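J.: One structure is given below, represented as structure tokens, and several questions about it will come after.
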Amino acid sequence: MELIGEITADRPLLVLAVKEEAQFLDTDLPILLTGMGKVNAATSLATVLGRGPRPSGVVNLGTAGALRPGWTGTHVVGTVIQHDLDGELLATLTGETYGDPLTLPDGGDVTLATGDAFISDEAARARLAARAPLVDMEAYALATAAGLAGVPMRIVKHVSDEAGDGAARTWRESVADCARALADWAAEHTPYRS
């Protein structure tokens, strides 16, 4: 976890997993780098929100794999699901529901599936494509932490790869272009400078 800048109540906090995704952000806004995966994302954001002050909102910028053909570019997410938690099975064991889909009030109509696995094979891609067009490794955890703290959340993802065979190579090759697109989106849609 790395917090760059100072969180204040009148500005949003930009949250990204890794420095490669943040490399072109040139802003006065605070930036939180959480590390990859749901545990890193949730604990990092919960830590900074718990310390206070809380930001006016959280904007998660990051890369995502495309689960369906033709998905490219930058997308504002409206619903995020957790694809690697078997909520139905847990409900039969405990009677409690865990991991319901989260709807973001300022989101679009795109659904994003979050899980700790980097999707890089065709079988996993096909299975997840029935539930969502995009996949990442942090957004559901971030949305949960922000929601519990009462802080508004936006999720913005740029497609880096096709989440199939060769996805890891493609991510490494495309992350700089993705970071530039995410920085451009942030400059246009957030109060980028004081």
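J.: Which one, Thr103, Val58, Trp71, projects farthest toward the positive side of the charge dipole computed for the chain from Cβ point charges (K/R +1, D/E -1)?
T.: Looking along the dipole axis, the top candidate is Val58.
J.: Can I ask one more? So which DSSP H runs in the chain come out at 27 Å plus along the axis (Cα) with average Kyte-Doolittle of at least 0.0? Kindly include the intermediate steps, with their values, before the conclusion.
T.: Working: long enough: 167-189 (30 Å, -0.40).
The qualifying helices: there are none.
J.: By its C-alpha gyration tensor, with a ≥ b ≥ c as the square roots of the eigenvalues, how is the stretch 89-194 shaped: rounded for a/c under 1.5, else prolate for a/b larger than b/c, else oblate?
T.: Details: a/c = 2.46, a/b = 1.12, b/c = 2.19.
Oblate shape, in that a/c is at least 1.5 and b/c is the bigger or equal ratio.
J.: Percent antiparallel among DSSP beta bridges with both residues in the stretch 32-170, to the nearest 5?
T.: Details: 7 of 23 bridges.
Roughly 30 percent of the beta bridges in the stretch 32-170 run antiparallel, per DSSP.
J.: Continuing with the same structure: Using only helices, what value at 222 nm comes out for the chain when you add -39,500 (n - 2.57) per DSSP H run of length 4 or more and divide by the total residues, to the nearest 500 deg cm²/dmol? Don't skip to the end; give the middle numbers.
T.: On the way: 6 runs with 68 residues, N = 194.
It comes out at -10500 deg cm²/dmol, rounded to the nearest 500.
J.: Normalising by the residue count of the chain, find the relative contact order in percent from Cα pairs under 8 Å and 6+ residues apart.
T.: Values: 440 pairs, mean separation 57.2, N = 194.
Worked out over the chain, it gives 29 percent.
J.: Can you give the charge dipole size of the stretch 152-194 about its Cα centre, rounded to the nearest 20 debye, using +1 on the beta carbon of Lys and Arg and -1 on the beta carbon of Asp and Glu? Walk me through the numbers before you get to the answer.
T.: Details: 6 positive and 7 negative charges, 53 e Å.
Taking the Cα centre of the stretch 152-194 as origin, the dipole is about 260 debye.
J.: In a GNM of the chain with a 10 Å cut-off on Cα contacts, which of Thr94, Thr27, Thr63 has the highest mean-square fluctuation?
T.: In this elastic network of the chain, the residue with the biggest mean-square fluctuation among Thr94, Thr27, Thr63 is Thr94.
J.: Place a +1 charge on the Cβ of each Lys and Arg in the stretch 113-167 and a -1 charge on the Cβ of each Asp and Glu, then give the dipole magnitude about the Cα centre in debye, rounded to the nearest 20.
T.: Details: 5 positive and 8 negative charges, 69 e Å.
So the dipole magnitude of the stretch 113-167 works out to roughly 340 debye.
J.: If I stretch the segment between Asp106 and Arg127 completely, what's the gain in nm (0.36 nm per residue apart, minus their alpha carbon distance), one decimal?
T.: Working: separation 21, 0.36 × 21 = 7.56 nm, distance 2.78 nm.
Going from the current span to full extension adds 4.8 nm.
J.: If each residue of separation counts as 0.36 nm, what is the full-extension length gain between Arg68 and Glu2 once their alpha-carbon separation is subtracted?
T.: Values: separation 66, 0.36 × 66 = 23.76 nm, distance 3.30 nm.
Taking Arg68 through Glu2 to full extension adds about 20.5 nm, to one decimal.
J.: Then there's this: At a Förster distance of 30 Å, what's the computed FRET efficiency of Lys19 paired with Thr97, Cβ-Cβ distance as r, to 0.05? If you can, show how the numbers build up before the last one.
T.: Working: r = 36 Å, r/R0 = 1.21.
Efficiency for this residue pair is about 0.25.
J.: Percent relative contact order of the stretch 71-140, based on C-alpha pairs within less than 8 angstrom and at least six residues apart?
T.: Working: 111 pairs, mean separation 25.9, N = 70.
Once normalised by length, the contact order is 37 percent.
J.: Among (i) 46, 42, 27; (ii) 53, 38, 28; (iii) 45, 36, 29, which one is Cα extents along the principal axes in Å computed from these coordinates?
T.: Checked against the structure: label (i).
J.: Okay, next question. Roughly how big is the chain's charge dipole about its Cα centre, with Cβ charges of +1 (Lys, Arg) and -1 (Asp, Glu), in debye to the nearest 20?
T.: Details: 15 positive and 26 negative charges, 55 e Å.
The calculation lands at about 260 debye.
J.: Along the Cα→Cβ direction, 7 angstrom out, place labels at Glu188 and Asp165. What is the inter-label distance in nm?
T.: Taking the simple label geometry, Glu188 and Asp165 are separated by 3.6 nm.
J.: Taking the full set of protein chains and a 1.4 angstrom probe, give the accessible area of Asp136 in square angstrom, rounded to the nearest 10.
T.: Asp136 has an accessible surface of roughly 10 Å² with all protein chains in place.
The values are calculated or read from the model by the stated rules, or taken from the named source; none is laboratory data. The model shown is predicted, which means the values in this text are computed figures rather than measured ones. Cβ atoms come from the backbone with ideal geometry, glycine included; neighbour counts cover every protein chain shown. Just so you know, the surface numbers come from the protein's heavy atoms only, side chains and all, with ligands and any DNA or RNA stripped out. Shrake-Rupley method; radii C 1.70, N 1.55, O 1.52, S 1.80 Å.
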